[in-house]
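Enquirer: Dropping a structure here in structure tokens format, bear with me for questions.
Bear in mind these aren't lab numbers, they're just calculated from the coordinates by the rules spelled out. What you see is a predicted model; the values in this text were computed from it and never measured. Methodologically, a virtual Cβ is constructed for each residue, glycine included, from the backbone with ideal geometry; neighbour enumeration extends over all protein chains shown.
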Amino acid sequence: MNTAKAFGWTMGVAGVWEILAPFIIGYSAATGALWDSIIIGAVLIVLGIWTALSGNAGAYVRSAGLTLCLAFGSSLRRFSSHTVAPSVRR
């Protein structure tokens, strides 16, 4: 298996985690963060499948760049400063 295909399937799994994370970690009540996770997860799944099935280096590089942008997007939109884990008391 070449690197692009392995990266694509790994990115697809990360997309599934991104969709399930609000429910597993417990921040599904924060509507903005919930929809952000669902949209980013769906994009990661689509790009992951595209990269895995095409297996070319161009798709790999574009998908890797977009993955980094999506990964840091939530912190730039400051969802992390508004979302409090259920176990944290202030």
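Enquirer: Order these by the 10 Å Cβ neighbour count, fewest first: Thr10, Thr3. Spell out each step's value before the answer.
Expert: Values: Thr10 15, Thr3 10.
Ranked by crowding around the Cβ, least crowded first: Thr3, Thr10.
Enquirer: Further question on the same structure: Read phi for every residue in segment 21-36 and hand back ³J(HN,Hα) as whole Hz from Karplus 6.51 cos²θ - 1.76 cosθ + 1.60, θ = phi - 60°, with x for Gly and Pro.
Expert: 3J(HN,Hα) across segment 21-36, in whole Hz: 3, x, 7, 6, 7, x, 10, 5, 6, 7, 4, x, 5, 4, 5, 4.
Enquirer: Determine the gain in length on full extension of the stretch Trp50-Trp35; use 0.36 nm per residue of separation and subtract their C-alpha separation, reporting nm with one decimal.
Expert: Numbers: separation 15, 0.36 × 15 = 5.40 nm, distance 2.25 nm.
Taking Trp50 through Trp35 to full extension adds about 3.1 nm, to one decimal.
Enquirer: Shifting gears a bit: Test of understanding: ordering Leu44, Leu53 by Cβ neighbours within 10 Å, fewest first, what list do you get?
Expert: Working: Leu44 25, Leu53 13.
Starting with the residue having the fewest Cβ neighbours, the order is Leu53, Leu44.
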